[in-house]
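Values in this text are rule-based calculations from the coordinates and carry no lab data. Everything quoted here is computed from the prediction, not taken from an experiment. FYI the Cβ positions are ideal-geometry reconstructions off the backbone, even for glycines, and counts take in every protein chain you see.
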Amino acid sequence: MPAIRPLLPRPGADRSSCFHQIAQYSVPMRITKHEHSCLVVDQGGSSLVIDPGNWTTLLIGTNNVKAIVITHEHADHWTADQLEHILKQNPDARVFGPQGVVDAAHGFKVEAVSAGDTVEVEPFTLRFFGGQHAVIHSSIPVVDNVGVLVNDLLYYAGDSFTVPEDVEVDTLAVPAAAPWMKIAEAMDYVAEVKPRRSFTVHEMVLSKAGKDLSNARVKLSTEAIGGEFFPLEPGDELDI
């Protein structure tokens, strides 16, 4: 597991805002990568689940879940089975997603969020960005999609390359491959966001060789802007 490191400002950055961030979230935040785009974020004994879809092993035994974020309605990012198992053990967990998820998740109480919204679910502050899924093809409808910034540290844009405005991203979840992207776009995305750390998600469409190639390109782009890349595999953890 990567070592815990302090959040340090880039040269020329506002050090006061950086140290305010450290003070606000003095307990390290742990990201556990699951298959594809599912992330479980732990802070001080509480958990946040993001995008538990059909290419992710069923999340059995996930406790102390305060919130679930579903970025969009596609099945590789959420399933009824995943929600049922999580909510059975965590009946008070709140579920958030864009209107398309609200409409698709029949029988579940999903709170609609959109770009510009901020939600507090202690100990998590969730800020939402974007609004639409990246275009797959002109024949395929574009669905609602939101990116989420967790505790001003972790940013994950769902199925999009939405750049969060006026945010210095500490850790960026970068899509590795999808029908809606090419690797050059992921590399440009890293260059534009300029995260201190990055790792890849949305990798289940790739072979082992393909994932290695994608990781190498994202690593190259991350290191080019002075950041650090972590080749996380399902089950790996990153403390930030």
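In order along segment 54-59, phi translates into HN-Hα couplings of 7, 9, 10, 3, 3, 7 Hz, rounded to whole numbers, per the Karplus curve 6.51 cos²θ - 1.76 cosθ + 1.60 with θ = phi - 60° and x for Gly and Pro. Look at L220, L154 and count the other Cβ atoms within 10 Å of each Cβ; fewest to most, that gives L220, L154.
For G100, neighbours were defined as the other residues whose beta-carbon sits under 11 Å from its Cβ, and their charges (Lys and Arg +1, Asp and Glu -1) total -3. Which whole-angstrom value gives the distance between the alpha carbon centres of segment 155-234 and segment 130-149? Computed from Cα coordinates, the inter-centre distance equals 18 Å. Given an 8 Å cut-off on Cα distances and at least 6 residues of separation, report the relative contact order of the chain as a percent. That works out to 18 percent. Cβ crowding within 10 Å, taken as a proxy for footprinting-reagent exposure, orders T62, T125, T71 from fewest neighbours to most as T125, T62, T71. Counting only Cα atoms, segment 168-230 measures 30, 20, 15 Å along its principal axes, largest extent leading. In segment 85-166 the Cα-Cα distances spread across 5 Å bins starting at 0 as 3, 14, 22, 23, 20, 12, 5, 2, 0 percent of all pairs.
The listed peptides 199-207, 131-139, 160-168, 44-52, ordered by packing as a protection proxy, come out as 44-52, 199-207, 160-168, 131-139 (highest mean of other Cβ atoms within 10 Å first).
With neighbour counts taken as other beta-carbon atoms within 10 Å, the residues R196, R30 rank, fewest first, as R30, R196. Roughly how far apart, in whole Å, are the Cα centres of segment 81-104 and segment 25-71? Answer, in whole Å: 13. From helices alone, the chain scores -7000 deg cm²/dmol at 222 nm; the rule is -39500 (n - 2.57) for each run of n ≥ 4 DSSP H residues, then divide by the residue total. Taking only the Cα atoms of segment 26-158, the ratio Rg/Rh comes out at 0.94, with Rh defined as the Kirkwood radius. Within the shell defined by Cβ-Cβ distances under 12 Å, the residues around G130 carry a net charge of -3, with Lys and Arg each +1 and Asp and Glu each -1.
Each principal axis of the Cα atoms in the chain has its own extent, and those three values, largest first, are 50, 41, 32 angstrom. Counting charges near L213 (Lys, Arg +1; Asp, Glu -1) among other residues having Cβ under 14 Å from its Cβ returns a value of +3.
Legend: helices of the chain (whole DSSP H runs) are marked when their alpha-carbon atoms reach 27 angstrom or more along the helix axis and their mean Kyte-Doolittle hydropathy is at least 0.0; nothing is marked.
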